[in-house]
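In what follows, a structure is listed as structure tokens, so that the remarks can point back to it.
The values are calculated or read from the model by the stated rules, or taken from the named source; none is laboratory data. This one's a predicted model, so the numbers in the text were calculated from it and none came from an experiment. Please note: Cβ atoms are built from the backbone with ideal geometry, for glycine as well, and neighbour counts cover all protein chains shown. Note: accessible area is taken over every heavy atom of the protein model, side chains too, but ligands, DNA and RNA are not part of it. Shrake-Rupley method; radii C 1.70, N 1.55, O 1.52, S 1.80 Å.
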Amino acid sequence: MTPNQLTKKCPTMVGEEISHELGAKMVKDFQDANPQEITANDIGRNIIDSILAQPGCAGIRFYNAINEMGRKTLVYVGIDHHEQIITEYVTVNTSGQLTTQKGIVADRSVPPTKPPISKDMDTIWQWF
């Protein structure tokens with residue numbers, strides 16, 4: 001990756017698909033450098049869809065955090081096209097009145113409970 005590829009884009013354009021090999025190398029390099037860190041977090045589609053469905057949401061920002069039990073976790077929020085956290089937004093309620101809703105702040109990701117299953121062991125990501 002070149003420095004130009006790391007420059008900021010509109011939030012809807014941030015991120016790109018990478019190869020399995022590069023993904024595996026990046027994760028392995030991190031885990032080798034940080035053997036005590038949590039290796040992964042699972043996040044459900046419902047909360048991702050809810051965040052992205054907020055009016056004006058252009059992407060999701062993930063923050064490293066410590067939960068109430070002292071464990072590392074992720075807190076995630078929607079961001080708009082100006083990279084600002086969506087703290088509130090306006091909706092129309094069932095009576096036709098404008099109401100202000102708080103932006104979604106989410107947590108409760110969990111570490112994976114099972115390794116991936118594959119018939120071809122050379123194709124699964126070995127860090128699990």
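Assorted remarks:
- Mean separation of Cα pairs under 8 Å and 6 or more residues apart, divided by the residue count, gives the range 1-110 a relative contact order of 23 percent.
- The slack between GLN101 and THR113, meaning 0.36 nm per residue of separation minus the straight C-alpha distance, is 0.9 nm.
- Here's how it looks for THR73: its modeled amide H is under 5 Å from those of ALA65, ILE66, ASN67, which are all 5 or more places away or on a different chain.
- Sum of side-chain charges, ILE104 neighbourhood, beta-carbon under 11 Å (Lys, Arg +1; Asp, Glu -1): -2
- Near ILE104, the amide H atoms lying under 5 Å from its own belong to GLY78; only residues 5 or more places off or on other chains count, and H is placed 1.01 Å from N.
- Take the range 16-61 with all the other protein chains still there, run a 1.4 Å probe, and you get 71 Å² of accessible area per residue.
- Between ARG61 and PHE30, the FRET efficiency estimated from the beta carbon spacing at R0 = 25 angstrom works out to 0.80.
- The amide H of ALA58, built 1.01 Å from its N in the peptide plane, has ILE79, ASP80, HIS81 as neighbours under 5 Å, considering only residues 5 or more places off or on other chains.
- When every Cα-Cα distance of the range 32-79 is counted in 5 angstrom steps from zero, the calculated P(r) takes the values 5, 18, 23, 21, 16, 11, 6, 2, 0 percent.
- Simple spin-label estimate for ASN93 and THR12 in nanometres, 7 Å along Cα-Cβ: 3.1
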